[in-house]
Structure formats: C-alpha cells, structure tokens
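The values are calculated or read from the model by the stated rules, or taken from the named source; none is laboratory data. All values derive from a computational prediction rather than experimental measurement. Note that we place each Cβ from the backbone using ideal geometry, even for glycine, and neighbour counts take in every protein chain shown. For accessibility, only protein heavy atoms count, side chains too; no ligands or nucleic acids. Shrake-Rupley method; radii C 1.70, N 1.55, O 1.52, S 1.80 Å.
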Amino acid sequence: VELSGPVRTGVSVRAQLTPAITRGGMTSQGLAAVGALSAPFSASIYGEDWDVSAGNTSLQIGDLSGVNVIGRGVTANVERPAYEARAIVGTPSSGSRSLAGELLGGGYWRNTARVRVGGSVSYLRERGGFGAGRELRAVAADYRSPVLRTFTLGASLAHRSAIGVQGIGYAATLSHDAPDERAVLRVSHAPGGTAAFARAEDEFQFEAS
C-alpha cells in the first residue's frame, strides 16, 4: 500500500506499508521478483531542502560517527546553503526483523563563504542480531577548507568507543576539481570497523575522472 502526493505548496507526503508474510524457499523468491518484500510501515513529509521520516528509516550521521544506521524510529534532515543538520531516534532493525538496542545521534554543519565546520554525536547499539551486534559511542568534529586554486582539504577527528575498542578515529580528504577533470584522495581510520558502524577500520580510496 503506497500513498504519495502534495499536502500544500512545497510540502509533500509519502507513505508505504508491506505486510509481513510468512514464507520461504520458492515463495520468497517469487514475491521478491515482483517487489513484495516484507517491510514495516514508513512515512515521510518533505520539502525542497528538508524531510522528516517515521517508521522504517535510515540515516548516515557521519563517516566516523555512524554509517548504515538502519532502524525504526524518526529521522530528520535539513540541507540548506548555510547549514546542514540530521538526527535519528529509534531502535535498530534488519528488514522486517527488529533488533534490540538504541539509535541516538545527530550532527550540525555550518557553511560560511570560506569554510565548513561542524560535528556529530552518536550512541548506537544493536543486540538482536546473529552475533554480539554492533555498538558505537562517538563524538566527531569536521572541517573543510576553502578552495585553494582547484584543491579542497577536509579533515575529521573523533573519539570512538565500541565493544572492546576505544580510540581516536580520523579521516582526511584531498579533492581536485577542474572544469574537465576531478580527483579525490581519501584515507580514514575508524577503531572498531564494521562492528562499530563504520565502512572499515582502515580505508584508502582514490578516484579520478
């Protein structure tokens, strides 16, 4: 069941519900082929530069303070030229399966004519998975420099605490943007890795076009 459309000028709503169905084997494959995937209720109300979602929702707080944060609860996003903010309050889930735990986090970033500065905090914990579950408590600060010729430097620093892990995480990005070419070099260190809501414990990326 889907519902979508305008509420008023500049404001729209979108909602979806797929009931849980007991199934297995070929039945599961057949339903998946036509898009009948079991999922909890989700709804969003949104405008041009903001949205508030409830139900089954997800959010990326930050590279060092939580990625792949998926659960059931409420999220809010605002992205404007002067600032950006995001927050989540909920419990973790995996598809239609609820995982015990808490998802609490948010961040705020301010854009000036020259720099971008901000930070984020998170307390993320799941206990209903197949293993011990993921866990993270983090406080992060972010900075992005003004454009120097065609280069921009970004840096993040965070204190990360997870299951059996506690330490300082960091990330640095050097990007080059020109009319006919682009290159990005990025390195990061996130203690705890994927068990602490990060893509990896140590990561190196380079892309060019």
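What to note about this one:
- Net +/- balance of residues flanking GLU84 in space, Cβ distance below 9 Å, scoring K and R +1, D and E -1: +3
- Between GLY118, VAL1, ALA82, the Cα set farthest toward the positive side of the dipole of the chain (charges on each charged residue's Cβ, about the Cα centre) is that of VAL1.
- Å² of accessible area per residue within the chain, as computed with a 1.4 Å probe and no ligands counted: 57 Å²
- The Cα atoms of segment 46-148 cover 48, 29, 17 Å along the three principal axes, with the biggest extent listed first.
- Listed peptides 78-87, 56-65 by packing density, highest first (mean Cβ within 10 Å): 56-65, 78-87
- Packing-based order for 8-16, 156-164, using average beta carbon neighbours within 10 Å, highest first: 156-164, 8-16
- Reported label for calculated log10 I(q)/I(0) by the Debye sum over Cα atoms at q = 0.10, 0.15 Å⁻¹ given (1) -0.46, -0.92; (2) -0.61, -0.90; (3) -0.55, -1.08: (3)
- For the chain, the dipole from Cβ point charges (+1 on Lys and Arg, -1 on Asp and Glu) about the Cα centre works out to 420 debye, to the nearest 20.
- Fraction of accessible area attributable to carbon and sulfur, the chain (%, probe 1.4 Å): 59 percent
- Segment 169-205: trypsin sites (Lys or Arg not before Pro) falling in loop per DSSP and having at most 14 other Cβ within 10 Å: ARG199
- Only Cα pairs under 8 Å and 6+ residues apart enter the sum, and on that basis the relative contact order of the chain stands at 12 percent.
- P(r) tail for segment 100-177: Cα pairs beyond 18 Å make up 53% of the total.
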